[in-house]
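First up is the structure itself, then whatever we jot down about it.
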Amino acid sequence: MDTLISNIKQLVNTREESKLLRGTELSVLPCIENAFVIIEDGTIVEYGVMSSLKHQTSNFKQTIDASGQFIFPCWCDSHTHLVFAASREEEFVDKIKGMSYADIAAKGGGILNSARKLNEMTEDELFNVSWKRLEEVSKLGTGAIEIKSGYGLTVEGELKMLHVIKRLKDRSALSIKSTFLGGHTYPLAYKEDHQGYIDLIINEMLPVIAKEKLADFIDVFCENGFFSPEETETISKAGMRYGLKPKIHANQLNFSGGVETGIKLGAVSVDHLETVNGDIINKLAKSETIGTLLPTAAFFLRMPFQPARQMIDAGCAIALASDYNPGSSPSGNMNLVVAMSCSGMQMLPEEAINAATINGAYAMQLQNEVGSITAGKKANLIFSKPMPSLAYMPYSFGSNLIDKVMINGEIA
Ligand code: NIG
Ligand code: FE
């Protein structure tokens with residue numbers, strides 16, 4: 001056999017079967033103390049308490065002693081814009097001086113700033129900067145990730161981004177899902193001709209994307225000043241006709257109607273949710289749609305955190321993601337996302353870990369592959385440094401508590 005990991009202080013999120021967790025289920029995090037894991041061909045084949053281990057250590061090509069260590073399934077980051085051309089720290093300084101996200105967007109900054117830079121870059125250059133970011137987040141424990149287009153906003157630019165995501169998928173050992181976000185903002189050329197840009201998405205972008213199989217999901221930024229609920233629905237339905245499932249940017253800055261639109265479309269997830277009320281939360285709780293919360297975006301834009309506590313108590317299925325992008329969350333560090341969810345959104349450590357692993361896997365439709373310690377799933381594992389308890393991880397938010405990361409059974 002390939003690998004035995006022995007003497008694990010605590011093996012976290014062990015599940016015989018996957019299940020999307022909602023409401024009170026999120027606080028149940030099954031763990032095994034003093035555990036082992038056996039890996040064959042990059043896959044978890046067996047796990048349990050050390051006392052039940054039937055095999056001799058000599059039967060394994062490799063044995064890893066994890067004394068004192070916690071082992072978690074790798075983070076499943078279900079919402080990122082990791083493919084972008086350049087950072088935007090000048091806007092960060094503008095924000096410190098008092099400008100809002102909407103003010104910056106209105107003067108041609110924001111998404112349009114990123115689009116200008118991306119369209120000036122070659123595909124190879126874009127791949128190289130994106131690859132570095134992917135390597136960085138995988139060292140921080142991310143084992144599965146969704147990446148969106150949306151900084152091209154031209155046929156060539158959007159296809160360039162999606163080709164880069166495809167190359168990342170082909171080269172990386174991480175599980176990667178691709179989302180077409182042509183409806184991120186209206187490019188300047190179509191500022192007064194919204195229908196013209198929607199036609200471009202539907203008639204010029206989507207047929208090529210479908211033919212080349214460049215996307216798994218379709219996303220639209222449903223927000224005042226960006227795409228209306230009706231426009232969101234039109235674009236999403238066009239993508240759905242090609243088999244792309246919707247994941248919608250909803251209710252970030254305003255009561256945009258995004259959550260209701262996402263639910264109506266049967267979206268896999270509605271993401272952001274800074275601006276919601278009890279009525280919207282109840283609608284989400286009654287639906288099959290996952291609410292994906294992005295606390296680092298709220299933090300970075302100095303907005304109130306998403307009401308996670310209220311959403312969980314209402315019975316919603318919650319996932320956590322980084323929103324890694326140069327404008328609203330220039331960090332793909334899921335450890336920070338988990339810590340911030342506990343300290344800023346009153347999520348219990350167990351709830352945050354479930355939301356960032358198994359529910360994140362569901363939000364990418366990767367639940368049969370990743371997100372828990374389950375026989376048959378990929379051996380994508382985070383080995384912690386010695387820690388006194390599980391809660392120490394989100395508590396000690398500024399420390400790097402990762403000793404090593406394993407992807408597909410190999411130490412990365
Ligand atoms: O998810 N809200 C829309 N899109 C991104 C930000 C994009 C940007 O500012 O570049 C987000 O926060
Ligand atoms: Fe986003």
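Of note:
- On the principal axes of its alpha carbon atoms, the stretch 251-368 extends 34, 32, 25 Å, with the longest extent given first.
- Projected-area mean, the chain, by convex hull of Cα positions, square nanometres: 18.6 nm²
- Karplus 3J(HN,Hα) series, Hz, for the stretch 54-63 with 6.51 cos²θ - 1.76 cosθ + 1.60 (x for Gly, Pro): 9, 8, 6, 4, 5, 7, 10, 5, 9, 10
- Spacing of the two label points (7 Å from each Cα toward its C-beta) at N400 and E192, in nm: 5.3 nm
- You can think of it this way: the chain between A106 and D2 has 31.8 nm of extra reach, that is 0.36 nm per residue less the Cα-Cα gap.
- Highest-MSF residue in the chain out of T43, T63, T357 [GNM, Cα springs under 10 Å]: T63
- In this structure the chain gives 38 Å² per residue of accessible area when probed at 1.4 Å with all protein chains present.
- Sequentially through the stretch 246-262, phi angles give Karplus couplings (6.51, -1.76, 1.60; θ = phi - 60°) of x, 9, 10, 6, 10, 6, 6, 9, 8, 6, 7, x, x, 5, 4, 5, x Hz, Gly and Pro residues having no value and appearing as x.
- Label point distance in nm, N59-S343, each placed 7 Å from Cα along Cα→Cβ: 4.5 nm
- Highest-MSF residue in the chain out of S372, S114, S100 [GNM, Cα springs under 10 Å]: S100
- Surface share of carbon and sulfur [accessible, 1.4 angstrom probe, percent] for the chain: 51 percent
- Alpha carbon centroid spacing (whole Å) that separates the stretch 85-153 from the stretch 214-290: 22 Å
- Between E40 and K132, the C-beta separation translates, for a Förster distance of 25 Å, into a calculated FRET efficiency of about 0.20.
- Amide H within-cut-off set for D403, under 5 Å, with H built and near neighbours excluded: F383, S384, K385
- Here is the list for the stretch 260-334: trypsin sites (Lys or Arg not before Pro) lying in DSSP coil, each with at most 13 other C-beta atoms within 10 angstrom of its C-beta, are R302.
- The helix-only estimate of mean residue ellipticity at 222 nm for the chain, built from DSSP H runs of length n ≥ 4 each weighted as -39500 (n - 2.57), is -9500 deg cm²/dmol after division by the residue total.
- Inter-label distance, nm, simple model (7 Å from Cα along the C-beta direction), A86/K385: 3.6 nm
- Extension gain for the segment E125 to R171, taken as residue separation times 0.36 nm less the Cα-Cα distance, is 15.0 nm to one decimal.
- Sparse packing (at most 12 other Cβ atoms within 10 Å of the Cβ) combined with a DSSP loop state is found for the following GluC sites (Glu not before Pro) in the stretch 5-95: E16, E17.
- Residue-wise HN-Hα coupling along the stretch 76-93, computed from phi with Karplus coefficients 6.51, -1.76, 1.60 (Hz; x: Gly, Pro): 10, 8, 8, 8, 9, 10, 5, 8, 8, 7, 7, 6, 9, 5, 5, 6, 4, 5
- The chain: antiparallel DSSP beta bridges as a percent of all, rounded to 5: 40 percent
- Amide H contacts of Y151 (H built 1.01 Å from N, under 5 Å, at least 5 apart or other chain): none
- Loop-located GluC sites (Glu not before Pro) in the stretch 188-263 whose Cβ has at most 11 other Cβ within 10 Å (DSSP): E192
The values are calculated or read from the model by the stated rules, or taken from the named source; none is laboratory data. As the structure is a computational prediction, the values presented were derived from the model and not from experiment. A quick note on method: Cβ atoms are made from the backbone with ideal geometry, for glycine too, and the neighbour counts reach across all protein chains shown. Quick note on the areas: whole protein, heavy atoms, side chains included, nothing else; ligands and nucleic acids left out. Shrake-Rupley method; radii C 1.70, N 1.55, O 1.52, S 1.80 Å.
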